[in-house]
Structures are given as structure tokens and as C-alpha cells.
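To start, the structure under review is shown below, and the notes come after it.
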């Protein structure tokens with residue numbers, strides 16, 4: 001059965017729309033070339049609590065590079081993090097977070113950075129679930145990606161997370177190739193060193209793919225308005241708004257995290273995944289609101 | 001016959017490589033996911049003489065918006081251009097060219113800009129060839145795009161031209177969807193105006209997708225190193241260099257414009273399409289050098 005991990009009601013809503021836009025006898029028919037679907041990643045395709053997985057990778061990077069950066073010891077946040085005090089993450093502002101990301105991710109070649117992420121993806125394990133982070137992707141959303149692609153949709157990630165971080169494992173976990181992974185990104189420098197072309201990550205010009213930045217990035221990277229969008233937070237609201245302004249019959253979806261037992265329960269009072277105004281707009285515009293506890297038969301893929 | 005408009009020698013070189021990288025019994029086999037091909041546009045997929053086609057569109061925009069911008073009359077270059085003096089283009093520097101592009105392309109919504117390009121694409125006609133500009137794409141290169149896609153390649157444009165300009169017609173002319181068209185690009189602004197989401201082109205942060213900017217953009221938009229690249233000028237050299245540094249057996253191609261009769265003959269002494277150092281590197285690295293006059297049986301598609 002298609003969308004087997006979904007309860008009947010949301011499954012039916014998704015499939016009804018999908019039949020309408022792909023049936024060439026329907027007045028809502030959408031040509032194949034215009035079937036673009038966009039998904040937020042953190043909290044939409046995989047968990048983002050108690051903090052986004054990329055921060056786990058970032059702290060691994062902090063530890064791995066610690067010896068080469070004696071100046072980091074003077075930074076209270078960095079030494080707290082490297083000593084396993086994760087509470088400090090909750091008190092960090094955007095500016096400090098960006099500095100941490102740039103310090104740990106930059107001045108590395110494309111190949112070195114990819115190898116670091118590869119190593120993290122292969123080994124880093126979530127203690128609560130006793131599984132690798134990259135195996136903890138939402139089973140119902142994998143099925144949704146599949147059913148869209150079966151209907152000739154192109155599926156894109158549009159995430160606040162780093163594009164370079166996601167691209168290393170997104171193809172194997174989601175079936176989404178790197179050129180359909182849009183995320184936050186910084187500058188790279190091109191040089192020929194000893195006859196060999198090298199791309200290196202360098203500080204500066206950080207693009208934050210969140211809020212209004214999401215439709216802007218969709219324009220820059222995709223160049224077409226999507227007709228399907230899924231998100232879970234106010235950071236996704238502009239992307240859903242933009243999608244729902246399509247001239248075609250579009251479909252927008254918000255995922256509510258309501259399952260403390262199988263995943264996490266959070267909404268308004270959280271740094272990552274804050275959901276409040278988008279829920280009001282979902283109600284006004286009739287976007288599908290998915291309640292994880294009640295609408296997902298299963299959360300993660302079987303072991 | 002595959003690559004029917006190519007003479008036997010270059011055709012054989014392309015097909016031999018293609019068989020090697022797609023035969024799973026070959027030591028040069030490349031998995032489908034890594035089959036990425038990149039093409040420059042101006043001078044590689046369509047002509048760029050006596051000046052790039054986007055300038056023809058730009059002057060159309062200048063004329064269309066002339067009445068709304070009385071201040072433009074004070075600009076000698078702009079009034080020359082609007083009066084049909086195309087010679088002035090040759091004396092323009094990069095700074096003046098960028099200003100012209102920004103002045104004519106900006107402060108327009110996504111939909112308005114796309115409609116302007118659509119109108120230009122549907123109507124603008126090249127006087128030398130007595131055909132629409134968008135119909136004057138190189139027949140042998142269309143066949144090359146096709147044969148690559150038949151072998152499960154993803155084909156991308158990586159051009160110094162504007163992404164938003166090319167995306168309007170690239171899908172119908174090249175079979176390349178907007179999200180596989182990489183070009184120069186500027187900023188867009190996202191707003192909700194009277195309840196409607198609007199993206200508008202605004203000045204600032206122009207990214208020039210040329211020279212070292214090409215591998216940088218490949219990293220940003222594709223996230224994988226290509227194994228095939230085609231270009232025609234020194235502006236494509238870094239892209240070809242980067243491609244030829246692949247761990248796979250890659251294929252790079254430079255197109256020489258040698259056919260004054262059927263197209264144009266130019267090389268070193270031209271503003272757009274200057275070819276000099278890339279030709280030296282092609283010789284050193286064994287890239288295929290295609291001579292349009294001798295290697296193309298046919299230049300443009302049949303009418």
C-alpha cells in the first residue's frame with residue numbers, strides 16, 4: 001500500500017490531491033515539468049530535538065580540530081561544548097552559532113569536509129534511540145517522497161541546515177541527489193595548487209536558508225514555483241505561503257511534533273522548530289496539519 | 001545514427017569515452033549518480049557573436065522601460081544603444097555592462113521578468129540568419145545533450161549569462177529544466193503584498209558565473225564534480241580544469257569558432273568568447289578540440 005505508515009485520513013488527502021494533479025483528464029492537471037515538491041529537513045524529514053543533528057557534527061568537528069586551535073580554549077562556549085556541556089547551546093544567539101559553524105566548517109577543502117561528514121554519518125549514534133542519526137529519518141516522509149517521485153515529481157530539500165553537510169548522505173537516505181539539496185551555504189574559493197584544482201570553504205557571505213530566505217533560495221536554485229511543500233516550523237512559513245500562491249492547485253503540509261514517547265513533543269517553546277504563526281496560516285489556508293502522534297503509524301524505519 | 005551531425009573523428013572519441021564510463025564491465029565505469037555533465041551556453045550551445053544574445057534582450061528592455069526612466073537619456077551609452085548604435089557595446093567595460101544589466105533587469109517581479117523574456121524569446125529575430133535567436137542552437141550540441149542523457153547523465157548549463165534569462169526557454173530548447181541551469185544571478189526580495197507573495201529582482205550581490213566562479217557555482221548548485229564539460233573560451237578554462245581533476249575518467253571539450261560562412265570565425269581578438277590559454281591547456285591535457293568548420297556537418301537545426 002502506498003503511504004503505508006500514514007493513517008487513513010492524511011493518506012487520503014495526499015492521494016486525492018496527487019490524483020487530481022496527475023490525471024490528464026482533470027481540470028487540476030499539472031504538466032510533468034511543473035511538478036516540483038520542496039521539503040524542509042530538520043523536524044520535517046528527521047528529528048531536530050533536543051538540538052539539530054548538524055550541531056552534533058559541529059561539536060565533533062570542534063573536538064577534532066581542538067589541538068590546532070589553542071585560541072578556542074579562551075572561548076567559554078567552545079570549551080563548555082568540547083567538555084560535553086550541551087546546555088550551553090540553548091543560550092547561544094544566532095551570531096555565536098554562526099561563528100561556531102564557520103570556525104568548525106571552514107578552511108577545509110571540499111574533499112576534506114566531505115570526508116568528515118561521511119565519517120560522522122557512518123558512526124555518530126543517537127543515544128536516546130540507540131541508532132545512527134542518519135538512520136533516524138521519518139518513515140512516513142520517505143514514503144511521501146517515493147509516492148511523489150512515482151508521480152513524476154522532482155523532490156527538493158530546502159533546509160536551514162548546511163547544504164554541504166546534507167549532500168553527503170541525502171542521496172542514500174532520501175534518494176535526493178546533491179543538486180536537489182538546497183540549504184544554507186557559504187563561500188568557496190577556487191585555486192590550482194601544485195597543478196591540482198582545489199575548492200576550499202572560506203569565511204564570508206553566509207546565506208541563511210530560512211524564513212524569507214527559503215522562497216529566495218527556491219528562486220535561485222530551482223527557478224520555478226513548487227506545487228507541493230512540507231515543513232514543521234515558522235521558518236517554513238514563507239516557503240509554504242509561496243507554494244500556496246501557485247496558479248496550480250498546490251498542497252502544503254505542516255508537521256506537528258506531538259509524540260514525546262516515539263519522538264519529541266514540542267512546539268512554541270523551543271529554539272529550533274518554533275511553530276506558532278505558520279499554524280494560524282495553515283488554518284486560514286487549509287494546509288494539511290499532520291499530528292505525528294495520531295497520523296504516523298510508525299515514526300522511524302524498521303531496524 | 002547517434003551524433004549524426006558530427007564528423008566521424010570527434011563522434012568516435014565521444015562515443016568511445018561514453019561506452020567506457022557506462023559499461024559496468026569496464027574499469028572506467030561510473031555509477032549513474034555520478035554522471036554529471038556541464039555545458040557553457042554562449043558560444044558552446046548557441047552563438048555569441050557579434051555580441052551575446054542576452055544583450056539583444058537587454059536593449060529590448062532598455063527600449064521598453066525608456067519612458068519610465070527619463071534619467072537614462074543623460075547616459076550616453078544608453079541613448080546610443082536605444083538609438084540602435086550597437087558599436088558602443090564594444091567599448092563598454094565590465095562595470096558599465098553590469099550597471100546596464102542591473103538597470104534593465106531589476107525592480108521587476110519574477111512573473112514580470114519571465115514574461116519579458118518569454119516575449120523576447122517568442123519574437124526576437126536574428127537578421128543574419130533570418131531566424132529567431134532561440135532557434136539558432138547548435139544541432140551537434142543538441143545531439144550531444146541527448147546522447148549523454150540516453151546514458152543516464154544529468155546535463156547542466158553553467159553559463160556567464162543570467163540564470164533567470166536562460167531558464168525561461170532552456171527547457172524547451174535544450175531539454176534542461178530550470179534547476180539545472182546555473183548562471184550569473186543577483187538578489188531577489190520576498191514580500192507578501194496585499195496577501196500575495198511576491199519575489200522581485202533587486203540590485204546587489206551579483207554573482208558572476210565565469211572563470212573561477214564556474215567551479216565555485218558547480219559546488220554551490222550541483223555539489224558534485226562533473227565528469228564531462230564543454231566550453232569554448234578562457235572563461236570556461238577553470239570549469240574544464242576542475243572537471244578533468246575528477247577521480248573518474250573525465251571528458252573535456254573546447255569548441256573553436258572557425259566557420260565564418262555558416263556561423264562566425266573568431267578566437268583571440270574578441271570581447272566575448274576570447275580563447276587562448278584554455279587552448280594551451282587543452283593541448284597539454286588532451287581535451288577534445290572541436291573545429292566547427294571541419295567537425296560539424298550541420299550547424300543549426302533544419303528549419
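Throughout, read-outs are computed from the coordinates displayed, never taken from laboratory work. Only a predicted model underlies this, so the values are computations on that prediction, with no experimental measurement involved. FYI the Cβ positions are ideal-geometry reconstructions off the backbone, even for glycines, and counts take in every protein chain you see.
Among B:90, B:201, B:225, which one shows the highest mean-square fluctuation when chain B is modelled as a Gaussian network with alpha-carbon springs under 10 Å?
B:90
Does the stretch A:148-303 classify as rounded, prolate or oblate by the C-alpha gyration tensor (a ≥ b ≥ c root eigenvalues; a/c under 1.5 gives rounded; else a/b over b/c gives prolate, otherwise oblate)?
Values: a/c = 1.81, a/b = 1.60, b/c = 1.13.
Because a/c hits 1.5 or more and a/b exceeds b/c, the stretch A:148-303 counts as prolate.
From other protein chains only, count the Cβ atoms within 10 Å of every residue's Cβ in B:213-223, then give the mean.
For this peptide, the per-residue mean of nearby foreign Cβ atoms is 6.
Taking residue A:193 in one copy and the same position in all the others, each labelled 7 Å out along Cα→Cβ, what are the pairwise distances from the first, in nm, shortest first?
Once sorted, the set of distances for residue A:193 reads 4.7 nm.
With a point put 7 Å past each Cα toward its Cβ, work out how far residue A:65 is from residue A:87 in nm, to one decimal.
In this crude spin-label approximation the distance works out to 2.8 nm.
Could you work out which residue, out of A:207, A:266, A:190, moves most in a Gaussian network model of chain A, that is, has the largest mean-square fluctuation with Cα springs under 10 Å?
So, out of A:207, A:266, A:190, the one fluctuating most is A:190.
To the nearest whole percent, what portion of all C-alpha pairs in the protein assembly as shown is separated by more than 50 angstrom?
Counting every Cα pair in the protein assembly as shown, those more than 50 Å apart make up 12 percent.
How large is the Rg to Rh ratio of the stretch A:17-158 when both quantities use alpha carbon positions and Rh follows Kirkwood?
Across the stretch A:17-158, the Cα-based Rg/Rh ratio is 1.11.
So if I take the centroid of the Cα atoms in the stretch B:246-302 and the same for the stretch A:53-127, what is the distance between those two points in Å?
46 Å
Scaled to the compact-protein estimate 2.2 N^0.38 Å, what is the alpha-carbon radius of gyration of chain A, rounded to two decimal places?
1.03
Give me the number: length gained by fully extending residue B:297 to residue B:2, i.e. 0.36 nm times residue separation minus the C-alpha to C-alpha distance, one decimal in nm.
Result for the pair: 104.9 nm of gain on full extension.
Relative contact order for chain B: what is it in percent, counting Cα pairs under 8 Å that are at least 6 residues apart?
23 percent
Modelling each spin label as a point 7 Å along the Cα-to-Cβ direction, I'd like the residue B:106/residue B:146 distance in nm, to one decimal.
4.3 nm
Going 7 Å from Cα along the Cα-Cβ axis for the label, what nanometre distances separate residue B:88 from the same residue across the other copies?
So the label point of residue B:88 gives 6.1 nm to the other copies.
Hey, in the GNM for chain B with a 10 angstrom Cα cutoff, which one of B:216, B:54, B:65 fluctuates hardest?
Of the options given, B:65 has the highest mean-square fluctuation.
Evaluate the distance, in nm, between pseudo-label points positioned 7 Å from the Cα of residue A:194 and of residue B:94 along their respective Cα→Cβ axes.
Taking the two extended label points, one gets 3.0 nm.
Which FRET efficiency value, to the nearest 0.05, is calculated for residue A:15 and residue A:260 with the Förster distance at 22 angstrom and r the Cβ-Cβ distance?
Approximately 0.15, to the nearest 0.05.
Put a point 7 Å out from Cα along the line to Cβ at residue A:128; what are the distances to that point in the other copies, in nm, shortest first?
Listed shortest first, these distances are 6.5 nm.
State, as an integer percentage, the relative contact order of the stretch A:1-82 based on alpha-carbon contacts under 8 Å between residues 6 or more apart.
Details: 27 pairs, mean separation 9.5, N = 82.
Computed value for the stretch A:1-82: 12 percent relative contact order.
List the relative contact order of the stretch A:53-126 as a percent without decimals, with contacts defined as Cα pairs under 8 Å and 6+ residues apart. Before the final figure, lay out each step's value.
Details: 28 pairs, mean separation 27.8, N = 74.
Taking the mean separation of contacting Cα pairs over the length of the stretch A:53-126, I get 38 percent.
So what is the diffusion coefficient of the stretch B:53-126 in µm² per second by Stokes-Einstein at 20 °C and 1.002 mPa s, using a Kirkwood Rh over Cα pairs?
167 µm²/s
Other chains near A:181-187: what is the mean number of their Cβ atoms within 10 Å of each residue's Cβ?
Neighbouring Cβ atoms belonging to other protein chains average 2 per residue here.
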